[in-house]
Amino acid sequence: MTATLAEAPAEHAAPPDAPRRARVVLDLARFETRELLLQIPVFAFLVLYVGYTAWKMFSGGDADDFPVLHYVDRATQSRPLLLGVAVLVCANRAALRSRRNGTDTHFDVLPLRPWLRTLAHALSVVPIALITALVVTLEFTWAALKPGAVGHGSVFELAVGPLTVLLCGVAGVLFARSVPSSFAAPLLVVGVLMGGTFLSATTSDARWQRWLWPDADETGAAPFPSDLLGRPAAWHALYLTGLIVLLGCAALLVSGGRTRTVAAVTVAALAATGAGVAGQSAAEPPALLSARTKASVTPEKLHTCVPHGASRYCAFSEWSGRTADWAEVVDRVQSLAGGTAARERLTVRQRVEARYGLRDDAALTASRTPGEVTVGTVWGGNRVPEFAVGVASVLVAGSEEAALEVCDARVVTVMWLALGAEKDPMSALRNVRLDDSVEGSALALAPTNPVGMSTEQTRIVVELLQRPRGEVAGTVRANWTELTSPRTSLARTAQLLGVRAPAQGVGAGDSCD
């Protein structure tokens, strides 16, 4: 029976018409999709991908409650890559099934040509890519529905994850038709990873190189306004789409599908891929660089300012809805201050440093303007107490530039003002310090320059934070002039606040030395 099937001429089966042929290809693709989903690597990585994404969505911290949507869309691109590797290996293995089982010759009696079976294998990856697209959409929608969300996402950025999975699957099918060996796909994965590592280590990190990879990662700097990103997301999506179709057509041609339609689609895919490469490799335009410089040097020209209480809050348009959160922190810090600081009219100004691109996180310089407080584009989590430190520094010193000199006993007043009204002041102190400690000397972070805390200053602040808030607040207001004077020693500050005086000598915190 086997010999009869093997020797049967192909002309015994009449080729089906185009509609029937399409139905047969789709039926075979559905079968192969089901087989792919049942493969352990694909099933395991799909469950891992969906589960991890769900965990990220439902267990996010305070910082995740204030997402920047044109960064959320980019964050969806890296996780599908592991699923794509599993799809590549399993799609390759599925395309080699008939060869591995010795049934290739039996297909000669079927009306479906080999290149159409190859097309079915390529199409079998599409449902997995659609599942990836569904997960990406849910992840982005979940972030966009949060009350603290700002910015605008990009459909082209969101498309990268699903396109990566599809690209990997089609590449696996092409490799099966080009190098019919079960060991070829794993070697391909290892070779690509090693080649990418080698290139990144031995060549300059040029823009065109970064964008040849599916996940063109450009992170490091704090979030920019969306109009300052300058990412060629549309060109990149065109490049990936063209490359997918081009690899698919190559697989069909290798399998014998040398028809006019396949040839025409191949030419169109090659043109689209080339256009995508050219578009995404272009240098950042001068207008974008000029806009980044303007936003970095003179942000007030781009800001929308709104009043909250006695103070003004100036932000880039996409962040204008977050000013109420900043005002809440300012009001909390000012409620503990004394003298004129309790009623001072502050200007909270949002700032970015965009002149060095998306990948370099440059520090913000201290503002020279009296009563001006810097706030960044990230909010939530540790950024809240850090901003409070910046507000308290300006209330005590008068300006951020003057606060650079606050390394004497005034540090105690600054830190208590910043953290005294927190729900959990000790946790806030730990979070705001660079070494996550509540003992010894350390730097307390702020939006611009950090505040240095000596060992004795830290001890006094901890003692104050552990005492009743109202009691300390009354003492601070009553002695505000002395507590904010650079001539007041740490021993005198401790005496005024009713805590144990520090030991005299080095590290007492009386000066910047």
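The values are calculated or read from the model by the stated rules, or taken from the named source; none is laboratory data. These figures come from a predicted structure and were not determined experimentally. All Cβ positions, glycine included, derive from the backbone under ideal geometry; neighbour counts span all protein chains shown. When the accessible area is computed, the model is the full protein with side chains, heavy atoms only, and any ligands, DNA or RNA have been set aside. Shrake-Rupley method; radii C 1.70, N 1.55, O 1.52, S 1.80 Å.
Numbers for the structure displayed
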quantity: Qualifying positions in region 259-292 - in contact with a Gly (Cβ under 6 Å, 6 or more places away or on another chain) and either of a type outside the set (A, V, I, L, M, F, W, C) or open to solvent by 70 Å² or more (accessible area, probe 1.4 Å) (or both); calculated: T273, G276, E284
quantity: Region 341-361: number of residues that are of a type in the set (G, A, S) and open to solvent by 30 Å² or more (accessible area, probe 1.4 Å); calculated: 1
quantity: Single unsatisfied condition, Y49 versus (1) surrounded by 19 or more Cβ atoms within 10 Å (Cβ to Cβ); (2) at pLDDT below 95; (3) closer than 13 Å to V135 by Cβ; calculated: (2)
quantity: Selection count, region 297-323, where residues are more than 17 Å from G151 (Cα to Cα) and either outside any helix (DSSP H, G or I) or out of contact with any helix residue (DSSP H, G or I) (no Cβ under 9 Å at 6 or more places or on another chain) (or both); calculated: 13
quantity: Restricting region 293-322 to residues that are open to solvent by 70 Å² or more (accessible area, probe 1.4 Å) and of a type in the set (D, E, K, R), the residue that is farthest from the chain's Cα centre (by Cα); calculated: R312
quantity: Flag for E328 being surrounded by fewer than 21 Cβ atoms within 10 Å (Cβ to Cβ) and under 23 Å from G470 (Cα atoms); calculated: yes
quantity: V461 out of contact with any strand residue (DSSP E or B) (no Cβ under 6 Å at 6 or more places or on another chain) and over 19 Å from A341 (Cβ atoms); calculated: no
quantity: Where T365 falls short, out of the listed (1) on the phi > 0 side of the Ramachandran plot; (2) open to solvent by 20 Å² or more (accessible area, probe 1.4 Å); calculated: (1)
quantity: Among residues of region 331-340, those that are surrounded by fewer than 21 Cβ atoms within 10 Å (Cβ to Cβ) and part of a helix (DSSP H, G or I), counted; calculated: 4
quantity: Residue in region 124-137 that is under 22 Å from P41 (Cβ atoms), part of a loop (DSSP other than H, G, I, E, B) and of a type outside the set (D, E, K, R) present; calculated: yes
quantity: Meets criteria (open to solvent by 10 Å² or more (accessible area, probe 1.4 Å) and farther than 20 Å from G390 by Cβ) for P468; calculated: yes
